[in-house]
Amino acid sequence: MGLHQLIYQSHSLVPFATPELTALLHQSRAYNQAHGITGILLYTPDGRFLQVLEGERDEVRGLYRRIQTDPRHYDCRVFSEGPCRQRSFATWTMGFRVAQAQDLRKLLRSVPPDAPGLLVPRPPTRPEVLALLLDFVANIEPKPWQEHLQ
Ligand SMILES: Cc1cc2nc3c(=O)[nH]c(=O)nc-3n(C[C@H](O)[C@H](O)[C@H](O)COP(=O)(O)O)c2cc1C
């Protein structure tokens, strides 16, 4: 089975404080490493998440199903999902950055949100959207308290 990539956004139920984010990332990285999943998690101070998950299709879908039912966030919406030739975040078991809300909104304008489920087939991420996302992530400096999360 080939490589698969899924990008979704959601809203946190309550704002995540640093210790909660740290715990989430530690837990996620252990699981993702064991299951061959890479990607990035963006979080904005007003409580929005955007996550890229990449790996074997069943692994990515299985993880997304668990994430989707996590009570710590709601309104999960998949932007794109499909096969990909290579990983965009190959070296990150789950990269993490805090993004400014207005910057993320600007980025998301080029990616219309879709329904939350996995049943509807969706196009894979357009290369230009992925390029935008990679550029976006590369230009966010990690905050000092995040350095141990790199
Ligand atoms: C925004 C967000 C992103 C998450 N990303 C991951 C992830 O990449 N990997 C992971 O194992 N868990 C992730 N989780 C945690 C899962 O939702 C879930 O709590 C975890 O997989 C444990 O699942 P279980 O309680 O069914 O064992 C994330 C949770 C949230 C709220």
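The values are calculated or read from the model by the stated rules, or taken from the named source; none is laboratory data. Predicted model, so just to flag it, every value in this text is computed and none were measured. Note that we place each Cβ from the backbone using ideal geometry, even for glycine, and neighbour counts take in every protein chain shown.
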Margin query: Give me the residue from region 45-59 that is surrounded by 19 or more Cβ atoms within 10 Å (Cβ to Cβ) and over 16 Å from GLU81 (Cβ atoms) and, out of that set, farthest from the chain's Cα centre (by Cα).
Written below: ARG48
Item checked: Contacts under 6 angstrom Cβ, first residue in region 40-59 being in a loop (DSSP other than H, G, I, E, B), partner more than 10 Å from the ligand (Cβ to nearest atom), 6 or more apart -> THR44/ALA99; THR44/ALA101; THR44/LEU104; ASP46/ALA101; GLY47/PRO15
Item checked: Some residue of region 9-30 being surrounded by 16 or more Cβ atoms within 10 Å (Cβ to Cβ) and basic (Lys, Arg) -> yes
Margin query: Can you say whether PHE96 is modelled with pLDDT under 90, among the aromatic types (Phe, Trp, Tyr), within 12 Å of the ligand (Cβ to nearest atom) and over 20 Å from ARG126 (Cβ atoms), as far as the supplied structure shows?
Written below: yes
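What about GLU20, is it more than 10 Å from the ligand (Cβ to nearest atom), more than 23 Å from GLN102 (Cα to Cα) and assigned to a helix (DSSP H, G or I)?
Working: more than 10 Å from the ligand (Cβ to nearest atom): no; more than 23 Å from GLN102 (Cα to Cα): yes; assigned to a helix (DSSP H, G or I): yes.
Against the criterion (more than 10 Å from the ligand (Cβ to nearest atom), more than 23 Å from GLN102 (Cα to Cα) and assigned to a helix (DSSP H, G or I)), GLU20 does not qualify.
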Next item on the list: Check region 44-61 and report whether any residue there is out of contact with any Pro (no Cβ under 6 Å at 6 or more places or on another chain), over 28 Å from THR18 (Cβ atoms) and modelled with pLDDT under 90.
Entry: no
Checklist line | Restricting region 1-17 to residues that are closer than 14 Å to CYS76 by Cβ and in a strand (DSSP E or B), the residue that is farthest from the ligand (Cβ to nearest atom) | finding: ILE7
Item checked: Near pairs, Cβ below 8 angstrom, 6+ apart or cross-chain, from region 14-25 (within 11 Å of TYR43 (Cα to Cα)) to any residue that is within 12 Å of the ligand (Cβ to nearest atom) -> PRO15/GLY47; PHE16/LEU24; PHE16/TYR43; PHE16/GLY47; PHE16/ARG72; LEU21/TYR43; LEU21/PHE96
